[in-house]
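As structure tokens, the structure follows; a few thoughts come after it.
The values are calculated or read from the model by the stated rules, or taken from the named source; none is laboratory data. Bear in mind that the values here come from a model prediction, so they are computed numbers and not experimental data. Glycine also receives a Cβ, built like all others from the backbone with ideal geometry; neighbour counts cover every protein chain displayed.
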Amino acid sequence: MPKAAPGCDEFDPNAKTLEQARAAILEACQAITQKEQIPLEEAVGRTLAQPIHARIDVPPAAVSAMDGYALQAADATEGATLTMVGTSAAGHPWDATLKAGQCVRILTGAVVPAGAEVVIMQEQVERDGNSITLQNGGLSAGHNIRNAGSDTASGSPLYAIGQPIGAAEIGVLASQGIARVSVLRRPRVAFFSTGDELIPIDQPLGPGHIHDSNRHTLRALLQSYPVEALDYGVIRDTDAAVCEALTRAGAEADLIITTGGVSVGDADHVTRVLESSGQVNFWKLAIKPGRPLAFGHFGQAHFFGLPGNPVAVITTFGLLVRPALQQLAGRDATAPQTLNARLLEDLQKTPGRADFQRAILETDDRGWVVRTSGGQNSHQLRAMSEANAYVVLPRESTGARAGDWVEVLPFREIFPEV
């Protein structure tokens, strides 16, 4: 093996950096273009496939911003006494025309009567039977009135193609009386674990066995994305079994995710099958955890072969699978935002790979501070569950000292469920 150049991966000087891998993945994963019409109540988390314009004004008429009294602007003088001639409530407007010297009791959201130009809040009047005396004056026309279309004007553009639909968008569309929307088809994601050592979580362990945690982790991660998840279970360690699973997934899915079997050992069947019957774009990364990661194609599907260690599964999913899913779903796969924090303890590192160390990010009286959450080996999942961020140590770094300012990637940037 040739000696690695300074700053290169000690295992493979040609391993891709995270930035190179991300760029290659995004270039390959183009947005799905197939559309489908679905009911509005099923559209949360989906991506719009056609632009939407407002059908009506919202609000459809001028309405009161609060409980009070509607009157003409000329009558809005301190000390004026007006006669109350009716009430306008939400859904029950007063349908006559207001005259000078008159007022209408009006409730929040109720239609402002014709002839009224001002709403004075009820706390600023003194009422005696059917007459009120204003305790405040000098109110200009439009005071406490929400004009028709002040939220949304009829015909105005609401959302463009590619708009993610969240709770606020659902509310806007519902206010327009839109019952069905055209959205992009959800990406179909097939996933499975590989390994003869893996046992279902509801069965006892035998000698050399472990429970299949990675597949459950993947399912949980996928639940935060607008995808159709296809769980293929555990695939045994034979070329034939892996080839059968990949062939099926390559015909059914847009993207395949496996865990384990993507290194160069005798039992790494995924790599062999992918190289013989699919396409491998790259399979080594200069990051830790997550060096053995395969990306390529099998059948019609993009392929991610994630490492077998559980922390590496979560880390590589957040860093590289996430942007692929976003782009397939028609979303903007922007790079996650990092911040700087003061390190509370020494961190050790070997040069050669960018290191993502699990950490706890918090604040003190001087700002952001960060410390590790426990063991940093890629099998130590509990430290991952107690962390809320990564400390990102550059490829050439030999570590960091307590008191140093370090780059931190909060989990909320790459794990939407956090």
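Please specify each residue of segment 347-369 satisfying the condition of being touching a strand residue (DSSP E or B) at 6+ places or on another chain (Cβ under 9 Å) and under 15 Å from P394 (Cα atoms).
Going through segment 347-369, the residues touching a strand residue (DSSP E or B) at 6+ places or on another chain (Cβ under 9 Å) turn out to be 347-350, 352-364, 366-369.
Across segment 347-369, the qualifying residues are L347, Q348, K349, T350, G352, R353, A354, D355, F356, Q357, R358.
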* Asked: Filter segment 359-414 for residues that are in contact with a Phe, Trp or Tyr (Cβ under 8 Å, 6 or more places away or on another chain) and in a loop (DSSP other than H, G, I, E, B); which is surrounded by the fewest Cβ atoms within 10 Å (Cβ to Cβ)?
  -> N388
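If you scan segment 193-216, which residues turn out to be among the small types (G, A, S) and not in a loop (DSSP other than H, G, I, E, B)? Break it down into steps so the answer makes sense when it comes.
Kept after step one, since they are among the small types (G, A, S), are these residues of segment 193-216: 193, 195, 206, 208, 213.
Correct list: S193 only.
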* Residue count, segment 64-120 (criterion: assigned to a strand (DSSP E or B), more than 16 Å from S140 (Cα to Cα), of a type in the set (A, V, I, L, M, F, W, C) and within 43 Å of the chain's Cα centre (by Cα)) -> 3
* Asked: Given the residues L40, L26, which is the only one that is assigned by TED's automatic domain parsing to the domain that holds L320 and either at pLDDT 95 or above or at positive phi (or both)?
  -> L26
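Suppose the filter is under 28 Å from Q327 (Cα atoms) and either out of contact with any helix residue (DSSP H, G or I) (no Cβ under 9 Å at 6 or more places or on another chain) or of a type in the set (A, V, I, L, M, F, W, C) (or both); does E126 pass it?
Numbers: under 28 Å from Q327 (Cα atoms): no; either out of contact with any helix residue (DSSP H, G or I) (no Cβ under 9 Å at 6 or more places or on another chain) or of a type in the set (A, V, I, L, M, F, W, C) (or both): yes.
Criteria not met by E126.
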* Asked: Hey, any hits in segment 44-51 for a residue that's surrounded by 14 or more Cβ atoms within 10 Å (Cβ to Cβ) and more than 30 Å from I165 (Cβ to Cβ)?
  -> no
* Within the group L230, L221, which residue is assigned to a helix (DSSP H, G or I) and either surrounded by 14 or more Cβ atoms within 10 Å (Cβ to Cβ) or basic (K, R) (or both)? -> L221
* Structure fact -> Of (1) among the small types (G, A, S); (2) over 30 Å from L218 (Cβ atoms); (3) in contact (Cβ under 8 Å) with a residue 40 or more places away in the chain, G171 fails just (3)
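Would you please name the residue that is surrounded by the most Cβ atoms within 10 Å (Cβ to Cβ), looking only at residues in segment 86-100 that are closer than 16 Å to Q122 by Cα and touching a strand residue (DSSP E or B) at 6+ places or on another chain (Cβ under 7 Å)? I'd like the intermediate steps shown before the answer.
Here is the first cut: in segment 86-100, the residues closer than 16 Å to Q122 by Cα are 86-89.
Filter once more, keeping what is touching a strand residue (DSSP E or B) at 6+ places or on another chain (Cβ under 7 Å): 86-88.
Details: G86: 16, T87: 13, S88: 24.
Checked segment 86-100; the qualifying residue surrounded by the most Cβ atoms within 10 Å (Cβ to Cβ) is S88.
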* Asked: Can you name the helices (runs of 4 or more DSSP H) wholly within segment 246-346 that have at least 1 residues being surrounded by fewer than 17 Cβ atoms within 10 Å (Cβ to Cβ)?
  -> 269-277
